[in-house]
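Below is one structure, written out as structure tokens; the observations come after it.
Every read-out reported here was derived from the displayed coordinates using simple, explicitly stated rules and does not represent laboratory data. Owing to the predicted nature of the structure, the values given are computational and were not obtained by experimental measurement. All Cβ positions, even for glycine, are placed from backbone atoms using ideal geometry, and neighbour counts span all protein chains on display.
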């Protein structure tokens, strides 16, 4: 009998030990206990939390969590631009559940607890998604398709400045808002490619013109160099002739004539040339005797 009592007591102790236990609030989460009287007031940071459950409790205490880590989100968006063309893009940002204890308490009361964890994504879908989409459309739709490409940085700043104030007081915070993966309309993509091709042809033609101009400039410089050389040579000849003419005097000419006469006398053999009268003419003809 005593042995039976001991075994019964042991079973009761084991039952108590299995019902009342510690549960862990993991890192990046806040925890809250839901008991038979509703939510307990405390919000627990990552730690071990004691659940005072008994085996006979019909509604045992249960620990629920809300994720508080920062995550990167990519929100697809379709926008009708100012020029009536449709642009597809992505709004990329970082989001997290607001860490304020009052906000966290409100989330436990407001979010459906389909499982025991409310994720950041679920909070964004409920509180932030519609604001992000509508506000992004308002900002981007003020531009036409060409302005979107040239005002990328400006639009990024405008997006954050427009979205962040609208999330004030809501349980979701976002940061680092930017535009990613822009998909232009097919007609615009084709036009961009055509413009790029034209620009490349123009640049190629301009490059060829520069090459030809460089060649012509080289030829011009060579022609100028040849011209300078010829002018220098002409000037040299002119100066030489001028100096030669300046040196020819009447005395020099007379001296030269006498020198030539002397050479003729030195070559004469003493025989005078023979003359005769032509048959049809009275003009004498000198015939050399050599």
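Return the distance in nm (one decimal) between the two label points of a simple spin-label model at residue 214 and residue 259, each offset 7 Å from Cα along Cα→Cβ.
6.0 nm
Pairs of Cα atoms under 8 Å, at least six residues apart: use those to get the relative contact order of region 71-184, whole percent.
41 percent
Which of 108, 65 has the fewest other C-beta atoms within 10 Å, and how do the rest follow up to the most?
The most exposed by this proxy come first: 108, 65.
Nearest 0.05, what FRET efficiency do residue 51 and residue 175 give at R0 = 45 Å with Cβ-Cβ as r?
0.80
For residue 227 and residue 186 in the same chain, what is the full-extension length gain: residue separation times 0.36 nm, less their Cα-Cα distance, in nm?
8.7 nm
Please find the FRET efficiency linking residue 24 to residue 194, where r is the Cβ-Cβ separation and R0 is fixed at 35 Å, and quote it to the nearest 0.05.
With a Förster radius of 35 Å, E is 0.05.
Order 210-217, 160-167 from most to least packed using the mean count of other Cβ atoms within 10 Å.
For the peptides 210-217, 160-167, the packing ranking is 160-167, 210-217.
So, in nm, how far is label residue 69 from label residue 113 when the simple model puts each one 7 Å beyond its Cα toward the Cβ?
2.2 nm
Starting from 0.36 nm per residue, how many nanometres of slack lie between residue 234 and residue 166 once their C-alpha separation is accounted for?
15.6 nm
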